[in-house]
Amino acid sequence: MLLRAVVLALAIAVSGSTTAVGQEAEPLSPPPALEVEPRHAVAMHGQPKYGPDFTHFDYANPDAPKGGAIRLAAQGSFDSFNPFIVRGTAALGTGYLFESLMMPSADEPLTMYGLLAESIELPDDRSWAIFNINPEARWHDGEPVTADDVIFSHEILTTDGHPFYRYYYADIVEIEKLGQRRLRMIFSEGDNLELPLIAGQMPILPKHWWEGRDFSRAILESPLGSGPYRVAGFEANRYVTYQRVEDYWGAELPVNRGRFNFDRIRYDYYLDDTVIREALKAGRIDLRVENQAKAWALDYDVPAVRDGWLKMEALEHKRPTGMQGFVFNTRREIFQDPLVREALAYAFDFEWSNRALFFGLYTRTKSYFSNSELASSGLPEGRELEILESYRGQVPERVFTEPYEPPSTDASGWPRANLREAFRLLREAGWEVDPETLLLTNQESGEPMTFEILLVSPAMERIVLPFQRNLGRLGITTTVRLVDSSQYINRYRAFDFDMIINVWGQSDSPGNEQREFWSSAAADMPGSRNLAGVRDPVVDELVELLIAAPTREELVARTRALDRVLLWGHYVVPQYHSRVDRVLYWDKFAHSDVIPDSGYDLDTWWFDEERARRLERRQLVQSEQELGS
């Protein structure tokens, strides 16, 4: 890593304008100059929804008033304001400090609109992209954002940043400075239409502020940014407050109009979800997105909710919900056999959990791209089948003959038939119950099956414990280990677990991030999100095919093929998802009636002074009544 950083630094020093990335023996030749028109936006496929003259996104209220404050809760702790590295735990809200060249809308699959860059220029094959930085773009200290900042950001993120950035920006092979506010990014050869959009997502950091500081270390110094907020105050592990930048350079950009309306945003840190709920009901925090079905159903039967002062809204969304599940770490020997992984899935009784624990509020997840057209279903056909046929013999035959369905039960809580099937699969994999110890034992080694399920949230114990009980009925000894957030993060990054619960969120237009999720290279990179340790050449090829998809139709077919191969690899025990965002908030805020496809978006909400005064009067009367009684 250090050697590569030195090489890159020398490249900058020698050329003065170009930084070469990768292992090329000589710098790439610049592309020929082509006459291309600057664009305000670029879509992954097709055309942007919003034209060059748009004034605001449909889901943002351009007349939303600025002002007021909102208090939010965070669980755990923080010791850093640098969210771009592996070390430390970054404070929530740091995203408000930094900006990228472009930003996505929330009601299209993947379209990027100008932010720091006022326009982008592209050839038809998207082999390179020119970004023209907005001349008004400024850091909070008044210095202009320049092409040098972009070049520096790419270098520092891909050398000292989180491993994710190395994968995500691996195909940016050269950046050429064309002027103080103009630069060209040259991409690796191949059919990757997403690369200009990926480049536009890069967070841009101020070179003049970071030079002389160690980017690889966690810091509790408020970093310089260009975004709509700056850090106003904090106490590590207790709270952080962000203040809206009054002279924010981008306030009137179409992509920002009607957004970032609160003067102050404060995050208070708590160690437990239960305490957070009590803080909400007591008025110590203003808003919470409730992720526990039981709490949504039972914990808010209080006068404030019944009287309408504390609002409960289930806001429907259309975003892919991805995959949440029990993840097998296939780096562990006991989980290397797909038959074992398939067998253990029969011990999770979703139907009973949904009835007894979740009040029927969840839907069973059956895809890594659930709740979207990208999800595979039934048997493969058409273009998806054509893709999979080229891998016949390298993937399970059931990919072609059997629709994937996670095991289901009658919701009685005693899944006899499922456990019988689990025993059958385990025997086939070489495991039997020892008649003396009643433990599931490997017939070759004589070792019993035992593993640990690592958790960070106490709320997940009630989901895990019934699963643990059913595993015990199979003769499997499991330990449920609940650890603090710092230890959890360290073990998560080091793949130091047997089984973990994880959520892989997905977008409507998956692309390069899939390498970090599933590729063989990512399996060996600490900090990557290939938590299952997937090492499958077919998966590697399907990921690259997905990334290179030339049309939306082809992207859908290739994603479904990848999804199906992952499902039949049995890398997770699928859990569940919700098609609504469950939001609770005190009646002093308002939001647009238009909910974007991606769902709840706090950045478009605003403080309503009239409602706030009414709420304050109500609380004053209530306090007087309580004192009088």
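Observations
- If you go through the stretch 186-221 and keep only what is within 30 Å of L122 (Cα to Cα), over 22 Å from the mean Cα position of the chain (by Cα) and outside any loop (DSSP other than H, G, I, E, B), you end up with I186, F187, K207, H208.
- Residues of the stretch 481-528 satisfying the condition of being of a type in the set (A, V, I, L, M, F, W, C) and more than 29 Å from R579 (Cα to Cα): V483, A494, F495, F497, A521, A522, A523, M525
- For the stretch 130-140, the count of residues that are closer than 30 Å to Q75 by Cβ, in contact (Cβ under 8 Å) with a residue 60 or more places away in the chain, touching a strand residue (DSSP E or B) at 6+ places or on another chain (Cβ under 7 Å) and not in a helix (DSSP H, G or I) is at least one.
- Within the stretch 385-410, being touching a strand residue (DSSP E or B) at 6+ places or on another chain (Cβ under 8 Å) and part of a loop (DSSP other than H, G, I, E, B) holds for P406, S408.
- Scanning the stretch 443-462 for residues that are of a type in the set (V, I, T), surrounded by 13 or more Cβ atoms within 10 Å (Cβ to Cβ) and under 19 Å from E421 (Cβ atoms) turns up nothing.
- Contact map, the stretch 370-398: first residue free of Cβ contacts under 8 Å to residues at least 24 places away in the same chain and farther than 18 Å from R552 by Cβ, second residue basic (K, R) and surrounded by 13 or more Cβ atoms within 10 Å (Cβ to Cβ), Cβ cut-off under 9 Å, separation 6 or more or different chains; the map is empty.
- Checked against (1) in contact with a Pro (Cβ under 8 Å, 6 or more places away or on another chain); (2) within 30 Å of L620 (Cβ to Cβ); (3) of a type outside the set (D, E, K, R), W352 passes all but a single condition, namely (2).
- Residues that are under 24 Å from P466 (Cβ atoms) and either part of a loop (DSSP other than H, G, I, E, B) or basic (K, R) (or both), drawn from the stretch 331-344: R332, R341
- For the stretch 295-348, the candidate set comprises residues that are more than 30 Å from F423 (Cα to Cα) and among the basic types (K, R); within that set, the residue that is surrounded by the most Cβ atoms within 10 Å (Cβ to Cβ) is R319.
- Residue match in the stretch 557-566 (condition: in contact with a Gly (Cβ under 8 Å, 6 or more places away or on another chain) and surrounded by fewer than 20 Cβ atoms within 10 Å (Cβ to Cβ)): no
- Matching strands (runs of 3 or more DSSP E) fully within the stretch 235-324 where at least 1 residues are under 19 Å from S77 (Cβ atoms): 239-244, 264-270, 287-289
- Yes/no for A549 being touching a residue at least 40 places away in the same chain (Cβ under 8 Å) and outside any loop (DSSP other than H, G, I, E, B): no
- G413 passes every criterion in (1) surrounded by 11 or more Cβ atoms within 10 Å (Cβ to Cβ); (2) out of contact with any strand residue (DSSP E or B) (no Cβ under 9 Å at 6 or more places or on another chain); (3) at pLDDT 95 or above; (4) not aliphatic (A, V, I, L, M) apart from (3).
- The helices (runs of 4 or more DSSP H) found entirely in the stretch 415-499 include none that carry 3 or more residues being basic (K, R) and within 34 Å of the chain's Cα centre (by Cα).
- For the stretch 367-381, filtering for residues that are of a type outside the set (S, T, Y) and surrounded by fewer than 19 Cβ atoms within 10 Å (Cβ to Cβ) leaves 4.
- R424, sole failed condition from (1) over 30 Å from I276 (Cβ atoms); (2) at pLDDT below 95: (2)
- Residue among Y229, Y239 that alone is hydroxyl-bearing (S, T, Y) and buried (at least 18 other Cβ atoms within 10 Å of the Cβ): Y229
- Any chance L224 is touching a residue at least 12 places away in the same chain (Cβ under 8 Å), closer than 27 Å to A69 by Cβ, assigned to a loop (DSSP other than H, G, I, E, B) and in contact with a helix residue (DSSP H, G or I) (Cβ under 6 Å, 6 or more places away or on another chain): yes
- Failed item, numbered, when V42 is tested on (1) modelled with pLDDT of 95 or more; (2) over 30 Å from A282 (Cα atoms); (3) surrounded by fewer than 18 Cβ atoms within 10 Å (Cβ to Cβ); (4) of a type in the set (A, V, I, L, M, F, W, C): (3)
- Within the stretch 270-281, at least one residue is surrounded by fewer than 19 Cβ atoms within 10 Å (Cβ to Cβ), modelled with pLDDT of 95 or more and among the small types (G, A, S).
- Taking each residue of the stretch 276-290 that is in contact (Cβ under 8 Å) with a residue 40 or more places away in the chain and more than 18 Å from D581 (Cα to Cα) and looking for partners that are among the hydrophobic types (A, V, I, L, M, F, W, C) and in a loop (DSSP other than H, G, I, E, B) with beta-carbon atoms closer than 9 Å, six or more apart or interchain, yields A279/I285.
Yes/no per residue for (1) within 17 Å of E373 (Cβ to Cβ); (2) at pLDDT 95 or above:
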| site | (1), (2) |
| --- | --- |
| D524 | no, no |
| N530 | no, yes |
| V534 | no, yes |
| D540 | no, yes |
| A549 | yes, no |
| R552 | yes, no |
| R560 | yes, yes |
| V565 | no, yes |
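- Residue in the stretch 345-361 that is part of a loop (DSSP other than H, G, I, E, B), of a type in the set (G, A, S) and at pLDDT 95 or above present: yes
- The stretch 193-226, residues that are surrounded by fewer than 21 Cβ atoms within 10 Å (Cβ to Cβ) and polar (S, T, N, Q): Q201, S216, S222
The values are calculated or read from the model by the stated rules, or taken from the named source; none is laboratory data. None of the values given here were measured: they were computed from a predicted structure. Here Cβ is always computed from backbone atoms with ideal geometry, including for glycine, and neighbour counts include all displayed protein chains.
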